[in-house]
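The values are calculated or read from the model by the stated rules, or taken from the named source; none is laboratory data. Computed from a predicted model, the values in this text were never measured in an experiment. All Cβ positions, glycine included, derive from the backbone under ideal geometry; neighbour counts span all protein chains shown. These accessible areas exclude ligands, DNA and RNA; they are computed on the full protein's heavy atoms, side chains included. Shrake-Rupley method; radii C 1.70, N 1.55, O 1.52, S 1.80 Å.
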Amino acid sequence: DQQVKQNSPSLSVQEGRISILNCDYTNSMFDYFLWYKKYPAEGPTFLISISSIKDKNEDGRFTVFLNKSAKHLSLHIVPSQPGDSAVYFCAATRRTHYALNFGKGTSLLVTP
Amino acid sequence: GAGVSQSPSNKVTEKGKDVELRCDPISGHTALYWYRQRLGQGLEFLIYFQGNSAPDKSGLPSDRFSAERTGESVSTLTIQRTQQEDSAVYLCASSLGIRKTYEQYFGPGTRLTVT
């Protein structure tokens with residue numbers, strides 16, 4: 001039962017443009033959302049998070065938007081850089097819990 | 001400082017054999033997690049340790065899987081009588097504890113191949 005879905009397995013973007021990665025969730029009890037970035041042969045690295053009391057969180061080139069009514073969140077990377085090429089995982093949890101529920105990931109390729 | 005480390009990085013084993021995977025969390029992190037990532041899938045929660053509390057084993061897929069943790073340090077995940085469907089990358093993560101359980105720091109994983 002996949003509670004967190006990333007429907008785009010891959011995305012290709014030109015350097016300097018915006019990358020938008022999308023994520024949907026089904027469990028309305030989730031109240032904390034995270035994005036992780038993963039390079040080959042490495043573990044996922046925490047990137048940015050957002051609480052359900054907010055609809056936007058920004059950190060440098062990375063912004064996460066949350067639409068609770070649609071159970072949808074997105075990660076925007078502006079401007080995209082070749083070093084951003086990696087697999088991005090969306091994760092969701094309840095603050096009172098600890099297990100993260102992950103999507104299957106979206107592979108982002110930023111071309112020069 | 002040092003991140004989460006895991007060993008071995010790769011393990012190939014024959015079906016039916018037992019394997020033991022090791023995780024060294026970040027120093028000072030009281031919470032430790034094991035996840036599994038099968039090919040083309042997201043990470044799947046297996047087990048959680050928090051301090052000296054009883055671990056949450058609710059994610060373990062069968063009784064062939066077990067895990068131990070020594071205090072707030074090293075953890076080992078043991079898979080007995082391995083099956084081909086156990087082939088996956090096994091990831092360990094740690095976090096500061098109850099207040100920051102949602103920001104987890106992952107190790108590089110152990111790639112397990114059961115032939």
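Out of all the residues in the stretch B:45-55, which are more than 8 Å from chain A (Cβ to nearest Cβ) and assigned to a strand (DSSP E or B)?
B:Leu46, B:Ile47, B:Phe49 - these are the residues of the stretch B:45-55 that are more than 8 Å from chain A (Cβ to nearest Cβ) and assigned to a strand (DSSP E or B).
To keep it simple, each residue is scored yes or no on (1) away from every other protein chain (no Cβ under 14 Å); (2) within 12 Å of B:Tyr48 (Cα to Cα); (3) touching a strand residue (DSSP E or B) at 6+ places or on another chain (Cβ under 7 Å).
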| residue | (1), (2), (3) |
| --- | --- |
| B:Gly71 | yes, no, no |
| B:Ser75 | yes, yes, yes |
| B:Ile79 | yes, no, yes |
| B:Ser95 | no, yes, yes |
| B:Phe106 | no, no, yes |
Checking A:Leu21, A:Leu11, A:Leu109 in turn, the sole residue that is more than 9 Å from chain B (Cβ to nearest Cβ), under 11 Å from the mean Cα position of the chain (by Cα) and part of a strand (DSSP E or B) turns out to be A:Leu21
The residue that is nearest to the other protein chains (Cβ to nearest Cβ), considering only those in the stretch B:1-18 that are open to solvent by 60 Å² or more (accessible area, probe 1.4 Å) and in a strand (DSSP E or B), is B:Asn10
Only one of (1) at pLDDT below 95; (2) open to solvent by less than 90 Å² (accessible area, probe 1.4 Å); (3) under 23 Å from A:Lys104 (Cβ atoms) does not apply to B:Leu21, and that is (1)
- Query: In this structure, is B:Leu60 more than 9 Å from chain A (Cβ to nearest Cβ), free of Cβ contacts under 8 Å to residues at least 24 places away in the same chain and in contact with a strand residue (DSSP E or B) (Cβ under 8 Å, 6 or more places away or on another chain)?
  - Reply: yes
Only one of B:Glu72, B:Glu85, B:Glu68 is within 14 Å of the chain's Cα centre (by Cα), among the charged types (D, E, K, R) and open to solvent by 50 Å² or more (accessible area, probe 1.4 Å), namely B:Glu68
A:Leu75 fails exactly one of (1) of a type outside the set (Lys, Arg); (2) without any contact (Cβ under 8 Å) to a residue 24 or more places away in the chain; (3) part of a strand (DSSP E or B), namely (2)
Checked the stretch A:91-106 for anything open to solvent by less than 10 Å² (accessible area, probe 1.4 Å) and more than 9 Å from chain B (Cβ to nearest Cβ); matches are A:Ala92, A:Thr106
So, B:Leu39, is that one within 12 Å of chain A (Cβ to nearest Cβ), among the aliphatic types (A, V, I, L, M) and in a loop (DSSP other than H, G, I, E, B) or not? yes
Of the residues in the stretch A:24-51 that are part of a loop (DSSP other than H, G, I, E, B) and within 12 Å of another protein chain (Cβ to nearest Cβ), the one that is nearest to B:Gln104 (Cα to Cα) is A:Pro44
Out of (1) assigned to a strand (DSSP E or B); (2) modelled with pLDDT under 95; (3) farther than 30 Å from A:Thr106 by Cβ, the one B:Ser27 does not meet is (1)
